[in-house]
Structures are given as structure tokens and as C-alpha cells.
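What follows is one structure encoded as C-alpha cells, with my remarks underneath.
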Amino acid sequence: MDIGMVGMAVMGSNLALNMADHGFKVACYNYTPDLTEKFIAKNPHQNLKGFFDLKNFVEAIDRPRKIMFMIMAGDPVDSMIEKLIPLLDEGDIILDGGNSFFEDTRRRHDLLKSKGINYFGVGISGGESGARNGPCIMPGGDANAYEKIRSIYEAIAAKVDNDPCCAYIGTDGAGHYVKMVHNGIEYADMQLIAESYLLLKYVAGLDNKKISSTFNEWNEGELKSFLIGITAKIFSEDDEDGGQIIDKIVDSAGQKGTGRWTSIQAMKQGVNTSIMTAACNARVMSNLINERKNFSSNLPLKIKNISDENFVESVRRSLYVGKIAAYSQGFALYKSASEVFNWNLNFGKIAAIFRAGCIIQAEFLNKITESFQNDPQLENLMQDQFFFDKIKNNLDDLRKVVSLAIQNGIAIPALANALEYIDAMRSERLGANLIQAQRDYFGAHTFKRIDKEGTFHHNW
């Protein structure tokens, strides 16, 4: 067999089918045999073979063995590694395609390297459909070992103009780190869209059908993306019991943790990802259903509809500017990580592989790719002339929209943080001189002066 797949749930089974359809022989294994049995019975394919004994599974794979995990992150990954180590030979390759925390991946990489085994953290984005038809793939590990798996991953990945949405990211945990931040950007993108929906529905007074057509129109222009496209479809979906499905869904959103990881890691690295953090907090607030209901009954909102025909266009422009700010934060975090972990990340290539197969795929990413091709050392995406001009031309719309939302009591944390991020970047004074003076006053933390070199303390 060309490759082994451990984990035959939704993602693993669909990736196995994708590989088999591209001519690769896939050995299939699951720690509970029932999933393997059902998968093979449902999908008779000459390139798929089920195994129920781990030793037989390993021995069936051509050397150097390539074994991919699509299993739950955390202890299950460590447990499977422990079981495999005695069965593997020097030069074999383990590929973790789950959403593992990148620091765990770095630890596992070092452990297996000491035993002569290659370990990859492989970011996979695109969900069930992407896994089956072409995902975005972000492998991180040994560059030489990647050549042993390149043909498989590039064959099954999504394509843009025949270019695979798969690229070697960097050493040890780089692949999982890039996927983590991808998900952080995804959180921000989804929250920005959700806030735009609130503005269209409760300020502009649009019904669901009109919101659907509005998102369809937006999807024909510069906002064209997977998320805008599915949003248009969601608002057009009728419920068999009457009404529309969107109005039947409880106003509460879940999260699996990757967005939160991004926010925490950004804090550690000293990078502002306020829009992603706002998106995480918005999901936290959405789960306080009873508290919100009680508070709302005692302090109800009084929303005023606006008849300004240009308001919908202002929301569109605001969403685009918010998107620029969110991606700027994400790529600033990539830049920091590249330096902190010595990964030498190719930012243009990362943007390029995000153009298809993944959740944040968008036309917008073509411009990001061009930005980093023009200037690989670009400090912040907002400094690129194209994005700078977009912000300059649309910033008044964002300010107008945020102001109206605040006046009406509509919570728009992502859009508000996008505006604050841009305003902070354009401000020569942020009041930090006062904060540093306070720190020196109560803790003798010292300060620097604008008129003299050196570090100073004042006897307050």
C-alpha cells in the first residue's frame, strides 16, 4: 500500500477515498474495527483495503512507510504514536492531519526525530467536502521527508489554475500553526459576516430573502468567497415546517478551540489579534442565553430603522475593510511566528494555498498573494498600496456603520475592533506615555524620553 490512514471517521474516510480515486493504494485502520468494516463495505474500491490488526496494517505499507492520522487531537495522538513506534523503521513518516496544538506537534516531532522517524503536523482545511474533493493542505516537518509525500498531497489537494493548494510550510509545528491561525481568521471572518447580517436585518430592516439576494450580489464582487456564498444560501433556505431555517436556530454558537488558541498565542508573541479575540468572546457571549434574555427584558434595545439607501453599501464596504484588518492581524502573527520559531514562512505561498479548498477561500486572497510577491518582507498587509487605498476610501463607511450600531445598541465587536485597530495604527499618540509614567510612579519601571537617549526614572 502507498499510504496508511488511521481514523475512519468523516475526515479520514473522505481523504482515503480522495487518495484512492487518484490512484494511490490506501491501507485503512481504526482503533475500533466497526468503522473500518462499514467504510470498506460501503466503498468497495480496488485501491482501498481494511486492516484490523495494527501490526498487519503497518507491514502492508511500502517503505518508507507513510501513515496519516485523522483522529482526535490530544491523548489519542500520543497513544497511537506509542503503539506505532515499536512497529516502525528508521525513515518512516507519521503525518498528523488533525487539529493538534502546534506545541504538541513540536514535542512529538522532536521525540520521533530522536528515534529516526519523521513526524509531520499537517493542517487540513475544507471540511468533509474538501477532504473528499480537494482540501487545502499545510504540511510541516522535515523538508527532505516531504518529498516522499509530496505527490500524494499535491494530487488530492484543491487546485487553482492547476496549482495545488498544498505547500511545504516549514519545520516541526509550522503546518499546524498555520492551520491554527487560519482558523483564527475564519472565526473573525464569520463574526464580521454575522455582524453585517445584524445590521442588514435590524437597522436596514431587510427580510431574509432580501438579505440572501444582497449576499449573492456581494458574492459577485470583491467579497466573493466561500463564506459569503454559503451565507447567501443559508438565508434563502426554507424550513419544511414553515418559515425559514435561519430563524429556527438558537442564537448560540460553539467553538472547538483553535480560534482561542490563536488569541492566546498572539498574546504570548505580543501581536494584536483583537478581531479574532472579539470573535471568540462573541461566541462566549452567545452561550449566555438566559443571562442575555433576563438583561434584555430589563434593559431593552430601541433600534431605529434607517431608510438611507446607501446604508447597505456602507455595510458592504465596512465588511471589506474589517476583512482587510482581520487578515492583516493574521499575517502579522505569521510574520512573528516565522521569526520566533525560525520557520522562514512564505506568506505569499500561504495566501495562495488558501485560495481554494479551505473555509476562508476567497478572491481576496489573490490580492494578498500579490502583496507578498511584490514585497516578501511586508510588515503589515495594510501597508500594501492596494489595501491601503481600500481602507482610505472605505474607512468613513466603517466609522458610520460602527457609530450607528453603537447608537442602536447592536453588538458589533469584530467591526468595532477592526476600526480601533486601524485607528491605533494611524495614531501617533495612544496615551501610552501616561501608562508608562504610571508604571514608573508605582513600580519604578523606568521610561524613555523623546529628548534624550537612555532609560530614566523620575522621583515622583
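Within region 128-149, the set of residues being over 22 Å from K25 (Cα atoms) and open to solvent by 10 Å² or more (accessible area, probe 1.4 Å) comprises D142, A143, N144. Residues in region 285-334 that are farther than 21 Å from F226 by Cβ and within 18 Å of the chain's Cα centre (by Cα): A332, L333. Considering only region 312-320, I want to know if a residue exists there that is modelled with pLDDT of 95 or more, open to solvent by less than 20 Å² (accessible area, probe 1.4 Å) and not hydroxyl-bearing (S, T, Y). Checked against the condition, which is being modelled with pLDDT of 95 or more, open to solvent by less than 20 Å² (accessible area, probe 1.4 Å) and not hydroxyl-bearing (S, T, Y), region 312-320 yields at least one hit.
For the residues Q377, Q373, the requirement of being without any contact (Cβ under 8 Å) to a residue 12 or more places away in the chain, farther than 18 Å from E420 by Cα and not hydrophobic (A, V, I, L, M, F, W, C) singles out Q377.
Just for region 424-446: of the residues that are hydrophobic (A, V, I, L, M, F, W, C) and under 27 Å from T273 (Cβ atoms), which one is surrounded by the most Cβ atoms within 10 Å (Cβ to Cβ)? So the residue we want is M425. If you go through region 10-30 and keep only what is within 13 Å of A131 (Cβ to Cβ) and charged (D, E, K, R), you end up with just D21.
Within the bounds of region 386-405, is there any residue that is small (G, A, S) and touching a residue at least 12 places away in the same chain (Cβ under 8 Å)?
yes
Number of residues in region 349-358 that are out of contact with any strand residue (DSSP E or B) (no Cβ under 6 Å at 6 or more places or on another chain) and open to solvent by 10 Å² or more (accessible area, probe 1.4 Å) equals 2.
Here's the yes/no breakdown for (1) at pLDDT 95 or above; (2) of a type in the set (S, T, N, Q):
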site: F341; (1), (2): yes, no
site: F347; (1), (2): yes, no
site: A356; (1), (2): no, no
site: Q373; (1), (2): no, yes
site: M382; (1), (2): yes, no
site: F388; (1), (2): yes, no
site: D397; (1), (2): yes, no
site: I406; (1), (2): no, no
site: A411; (1), (2): yes, no
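Only helices (runs of 4 or more DSSP H) whose full extent lies in region 1-115 are considered here, and the ones with at least 3 residues that are open to solvent by less than 10 Å² (accessible area, probe 1.4 Å) are 10-21, 75-84, 102-113. Residues in region 260-289 that are touching a Phe, Trp or Tyr at 6+ places or on another chain (Cβ under 7 Å) and farther than 21 Å from N380 by Cβ: W261, C280.
Which is closer than 20 Å to T369 by Cβ, of a type in the set (A, V, I, L, M) and either surrounded by fewer than 20 Cβ atoms within 10 Å (Cβ to Cβ) or without any contact (Cβ under 8 Å) to a residue 12 or more places away in the chain (or both), of V181, V160?
Unique residue meeting the criteria: V160.
Among the residues of region 251-283, write down those that are of a type outside the set (K, R), more than 20 Å from I359 (Cα to Cα) and at pLDDT 95 or above. Selection gives I264, Q265, A266, M267, Q269, G270, V271, N272, S274, N281.
The values are calculated or read from the model by the stated rules, or taken from the named source; none is laboratory data. Model, not experiment: these values are computed from the prediction. No Cβ is skipped: glycine too gets one built from the backbone with ideal geometry, and neighbour counts run over all protein chains shown. Remember, those area values only see protein heavy atoms, side chains included, never the ligands or the DNA or RNA. Shrake-Rupley method; radii C 1.70, N 1.55, O 1.52, S 1.80 Å.
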